[in-house]
Amino acid sequence: MKILILGAGPTGLGAAYHLNKLGHTDWRLFERNGHVGGLSASFLDDSGFTWDVGGHVLFSHYEYFDKAVAKALGDTYYEHQRESWVRILQTWVPYPFQNNVRHLPYDALQACVKGLRNLQGNPLQTTNFRDWMDTVFGNGIVKYFMEPYNRKVWGVPLETMSKEWIAERVSMVDLACIEKNIADERDDLSWGPNNTFKFPKLGGTGAIYEGIAGSFRDWIHLNHEMQTVDLEAKQVRFTNGRVESYDVLITTAPLDVFVRSCNSMPEAVVTATDGLVHNGGLIVGLGFDGGRTDTKCWMYFPENNSPFYRVTNFHNYSPYNVPNSDTDRSFSLMCETTYSPHKPESSATIVGETIQGLIKSGMIENRQSEDIVSRYLIDIPYSYPVPTLGRDRALNLIQPYLESRDVYSRGRFGAWKYEVGNMDHSFMQGVEVVDRLLAGAEEKVINGKG
């Protein structure tokens, strides 16, 4: 069985790693870029700052992934206790916001508690994410944080989103616990699967995947961008003219792009891709001269005085993310902004807008804009697959058809499931599809079972 893999991000590398470990040699991996890692790659700019493609942190639900990472990194990593905050109403609230509203100004605090005490409706009977928020968090928390933040990060009307994706992504509310936190002036900081995380010492998040790819480099072909796929002949044509045959194809390309690259595709399948919605991301990396005394890892920004929804103190992850690994003389802020048809942003102006947003939100002083020595911009056309109300209907038509043609679409945008799109989920999707192909095993991760 000749297996072709398209894409050397976490999913493609997960499949390749597992094939290599199993001793199956009839496979090849093709990647359009000149590096591996996909959205988990990292880059070194001309000033010596390292940047990720957005705010990645390494935590895992899977022992298999843990072992692959351990083999790739050895002991060259740091382990951090998460310290994340919400910047709102000119103050800082520890994350998760809903558990720590005691830090809010009096009027906002009272509105949040009143909303929780007067919850109405049944979350199970709501039909979309926006309505679900009201029944779970109340109108105070929704007004101050949940609605503005989620509109900022998703870039779509929240009424068009499903509630089914939430799972461990959003901390649920315990009113008694919140009231006790207020009375005892206690912070609740430990919620979530990523309350501790690892980060590579050198090379950013991309170092993980460079390390994983090291043992099978000869099977990876970089600078090969898919052009068309002939489902009848089972051939992939690349933009450089190369044509490669396959028995089974594992693709991690965005599902809508892949479907529209195939010939002989039924019109109903092509039309179904209209139900797949995504946003894009503008990642602005700013490198500064001077030190920064701030122990926070990352911060959320729900208000409209800045374009970004999240900022990472990237120098805190590893001192090697700044020139000469000297955090007394340099620091770096990585800022993430969503764009979409509902939320247009300009790559031509986003760097300046980001700097102004940092000043307005109190992240930096006005004078520090003169200390910026590096401005790095990454434009991600596909940032998050949005869990819309029509997503599953589209997937239930597209995926079975592709699999009937020996094509398996997996990964963050291949499976188009945000809720199983973390690095560990994505890697394991690649592992599990190989086990399905070679041993008939059940795929659990993509189906939300593992």
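Note on the range 364-392: residues that are assigned to a strand (DSSP E or B), under 21 Å from the mean Cα position of the chain (by Cα) and charged (D, E, K, R) amount to 1.
What number of residues within the range 108-139 satisfy the criterion of being surrounded by 16 or more Cβ atoms within 10 Å (Cβ to Cβ), among the aliphatic types (A, V, I, L, M), without any contact (Cβ under 8 Å) to a residue 60 or more places away in the chain and assigned to a helix (DSSP H, G or I)? Number of matching residues: 4.
Taking the stated definitions as given, is G352 over 19 Å from T312 (Cβ atoms) and modelled with pLDDT of 95 or more? Against the criterion (over 19 Å from T312 (Cβ atoms) and modelled with pLDDT of 95 or more), G352 qualifies. Of all residues assigned to the range 48-68, none qualifies as being surrounded by fewer than 20 Cβ atoms within 10 Å (Cβ to Cβ), free of Cβ contacts under 8 Å to residues at least 40 places away in the same chain, closer than 24 Å to S325 by Cβ and of a type outside the set (D, E, K, R).
Does V434 satisfy being surrounded by 24 or more Cβ atoms within 10 Å (Cβ to Cβ) and among the hydrophobic types (A, V, I, L, M, F, W, C)?
On the way: surrounded by 24 or more Cβ atoms within 10 Å (Cβ to Cβ): yes; among the hydrophobic types (A, V, I, L, M, F, W, C): yes.
Here the answer is yes, as V434 does meet what is asked.
Restricting to the range 318-345, give me the number of residues that are surrounded by fewer than 24 Cβ atoms within 10 Å (Cβ to Cβ), in contact with an Asp or Glu (Cβ under 8 Å, 6 or more places away or on another chain) and not charged (D, E, K, R). Total meeting the criteria: 2. Can you pull out every residue in the range 66-94 that is part of a strand (DSSP E or B) and out of contact with any Asp or Glu (no Cβ under 8 Å at 6 or more places or on another chain)? Listed by number, the residues that qualify are Y77, Y78, E79, H80, Q81, S84, W85, V86, T91, W92, V93. Residues in the range 302-356 that are touching a His at 6+ places or on another chain (Cβ under 6 Å) and in a strand (DSSP E or B): 2 in all. Among the residues making up the range 3-40, those that are surrounded by 24 or more Cβ atoms within 10 Å (Cβ to Cβ), outside any helix (DSSP H, G or I) and touching a strand residue (DSSP E or B) at 6+ places or on another chain (Cβ under 8 Å) are I5, L6, G7, A8, L29, E31, V36.
Just one of (1) of a type in the set (S, T, N, Q); (2) without any contact (Cβ under 8 Å) to a residue 12 or more places away in the chain; (3) more than 30 Å from I446 (Cα to Cα) fails for Q235. It is (3). The set of residues in the range 213-244 being loosely packed, with under 14 Cβ neighbours inside 10 Å and closer than 16 Å to T25 by Cβ consists of R217, D218. Of the residues T196, T228, T252, the single one that is β-branched (V, I, T), without any contact (Cβ under 8 Å) to a residue 40 or more places away in the chain and not assigned by TED's automatic domain parsing to the domain that holds N100 is T228. For the range 263-277, filtering for residues that are out of contact with any Asp or Glu (no Cβ under 6 Å at 6 or more places or on another chain) and surrounded by fewer than 23 Cβ atoms within 10 Å (Cβ to Cβ) leaves 10.
What tally of residues in the range 140-181 results from selecting those that are assigned to a helix (DSSP H, G or I), at pLDDT 95 or above and surrounded by 14 or more Cβ atoms within 10 Å (Cβ to Cβ)?
Initial filter on the range 140-181 (assigned to a helix (DSSP H, G or I)): 140-154, 158-160, 167-169, 175-181.
Still in the running and at pLDDT 95 or above: 140-154, 158-160.
Still in the list and also surrounded by 14 or more Cβ atoms within 10 Å (Cβ to Cβ): 140-154, 158, 160.
Total satisfying the criteria: 17.
The values are calculated or read from the model by the stated rules, or taken from the named source; none is laboratory data. Just so you know, these numbers come straight off a predicted model, no measurement behind them. Don't worry about glycine lacking a Cβ; one is built from the backbone with ideal geometry, like all the others, and counts go over all protein chains shown.
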